[in-house]
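Worksheet for the structure shown next.
Read the figures in this text as sums done on the coordinates, not as results from a lab. These figures come from a predicted structure and were not determined experimentally. Every residue, glycine among them, receives a Cβ derived from its backbone with ideal geometry; neighbour counts consider all protein chains shown.
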Amino acid sequence: MSQENRFVEMYRLVKAYPNPFGDDVKVVDGFNLILKKGEVVSLIGHSGCGKSTVLTMVSGLNPISSGSVVVAGREIAGPGPDRSVVFQSPCLLPWMTAMQNVRMGVDRVYPHASRTERRQICEYYLSIVGLADSMDKYPREMSGGMQQRVGIARAIALKPNMLLLDEPFGRLDSLTRMELQDVILRILDKEKITTMLVTHDVDEAIYMADRICMMTNGPNAKVGQVLELPLPRPRNRADTLEHPLYYELRGSLVSFLEEQERHKHHKPKATEPDEPAPPMTVTLSEEEDTTASENVTANA
Ligand SMILES: Nc1ncnc2c1ncn2[C@@H]1O[C@H](COP(=O)(O)OP(=O)(O)OP(=O)(O)O)[C@@H](O)[C@H]1O
């Protein structure tokens, strides 16, 4: 990948946690991944493989044991407003309204804007997540989905270089989950924020991402395969599901996860690649669909 395409760079990331005997166990070991500016990458893998560990290391909230993360040309040294995180639970301050919860970060990131401008920024982002009529509600007056919308508005209003989503829809019912997937997709189409999404959900990973990074099982987890998704944007659920490559892409993901499951109790000795694993691309034959094959070529 050329230098100008390297917006987020993760090099040989290692995270070691002490086990109950006091020995360090490398949960993640030699994780390499590069994201282009504006790219959305889903991180998928079996439970406990280290997805959140990678995400929190990139956020700066979880110290890196060794390796480095470079965002927009700067090596990260801790958390910062250039990297917004949305977790499963939005953790809103209960004594503040939706507006005040978003306003806290905005006041910090736009210190030179006037009070009116800062209010307008908050109103804008609360509106695009669908909370125009609920800005003055307190968390106790909002559903889980509404609270998560506030969490998303709070993250995006910071105008981050990178958005880190750690199973952001994990606690929501399936209808709300689908609504919020579309809210995020609309925002990403407009704001072009480079995004990493941790999810367990294969269909969510395909619907949201440009590429899917599949992690091997831990300990010593790393990038197993990277799957390119030649699906057009803006995304639309019906068109995505009907795309001629959809089930082939889904099959590739499921096969990888099944393969990892088989190796759970028979793990080969870990190796340490210098570069990210080569991308895996599913292609259509010309006979299958000529329109879709344009996308394949454009993204291959
Ligand atoms: N603070 C910690 N101390 C010790 N071990 C930890 C700590 N945090 C995570 N781990 C271990 O690191 C491994 C990876 O955890 P992590 O939460 O990153 O996995 P994950 O893939 O995100 O899991 P899930 O999909 O279930 O959320 C797990 O074995 C977990 O028990």
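Taken about its Cα centre, the chain carries a charge dipole of roughly 1320 debye when the Cβ of each Lys and Arg holds +1 and the Cβ of each Asp and Glu holds -1.
Using 0.36 nm per residue of separation minus the Cα-Cα distance, give me the extension gain between Asp203 and Asp133 in nm, one decimal. Numbers along the way, then the final one.
Details: separation 70, 0.36 × 70 = 25.20 nm, distance 3.12 nm.
Extra length from Asp203 to Asp133 when fully extended: 22.1 nm.
Less than 19 Å from a label point 7 Å out along the Cα-to-Cβ axis of Val254: which backbone N atoms in the range 12-49 qualify, by residue? Only 44-47 fall inside the zone, counting backbone N under 19 Å. Would you look at the GNM of the chain, springs on alpha carbons closer than 10 Å, and say which of Val129, Val70, Val41 moves the most? Looking only at Val129, Val70, Val41, the biggest GNM fluctuation is shown by Val70. Each listed q (0.13 Å⁻¹) maps to a log10 I(q)/I(0) for the range 93-159 from the Debye sum over equal C-alpha point scatterers, namely -0.29.
Of the cross-linked pairs Lys36/Lys137; Lys15/Lys37; Lys26/Lys192; Lys37/Lys137, those separated by over 30 Å at the C-alpha level are Lys36/Lys137; Lys26/Lys192; Lys37/Lys137.
For the range 1-43, applying the loop criterion from DSSP together with a ceiling of 15 other beta carbons within 10 Å to the chymotrypsin sites (Phe, Trp or Tyr not before Pro) yields Phe21.
Could you tell me what fraction of 2.2 N^0.38 Å the Cα radius of gyration of the range 66-221 comes to, as a two-decimal ratio?
Details: Rg = 16.1 Å, N = 156, 2.2 N^0.38 = 15.0 Å.
Rounded to two decimals, the normalised Rg is 1.07.
When peptides 105-114, 156-165 are sorted by average Cβ neighbour count within 10 Å, with the highest value leading, the order is 156-165, 105-114. Normalised by 2.2 N^0.38 Å, where N is the number of residues, the C-alpha radius of gyration of the range 1-108 stands at 1.24.
Near Ala221, the amide H atoms lying under 5 Å from its own belong to Val28, Asp29; only residues 5 or more places off or on other chains count, and H is placed 1.01 Å from N.
Tell me the chymotrypsin sites (Phe, Trp or Tyr not before Pro) within the range 94-165 that lie in a loop according to DSSP and have at most 10 other beta-carbon atoms within 10 Å.
Numbers: sites: Trp95, Tyr124, Tyr125; in loops: Trp95.
Hits after loop and neighbour filter: Trp95.
Taking other Cβ within 10 Å of each residue's Cβ, how do Ser66, Ser52, Ser84 sort, fewest first?
Details: Ser66 13, Ser52 18, Ser84 25.
Going from sparsest to densest Cβ surroundings: Ser66, Ser52, Ser84.
Between Asp189, Asp173, Asp23, the Gaussian network model of the chain with springs among Cα atoms under 10 angstrom shows the greatest mean-square fluctuation at Asp23. Among the trypsin sites (Lys or Arg not before Pro) in the range 167-252, those placed in a DSSP loop whose Cβ has at most 12 other Cβ atoms within 10 Å are Lys192.
Taking only the Cα atoms of the chain, the ratio Rg/Rh comes out at 0.98, with Rh defined as the Kirkwood radius.
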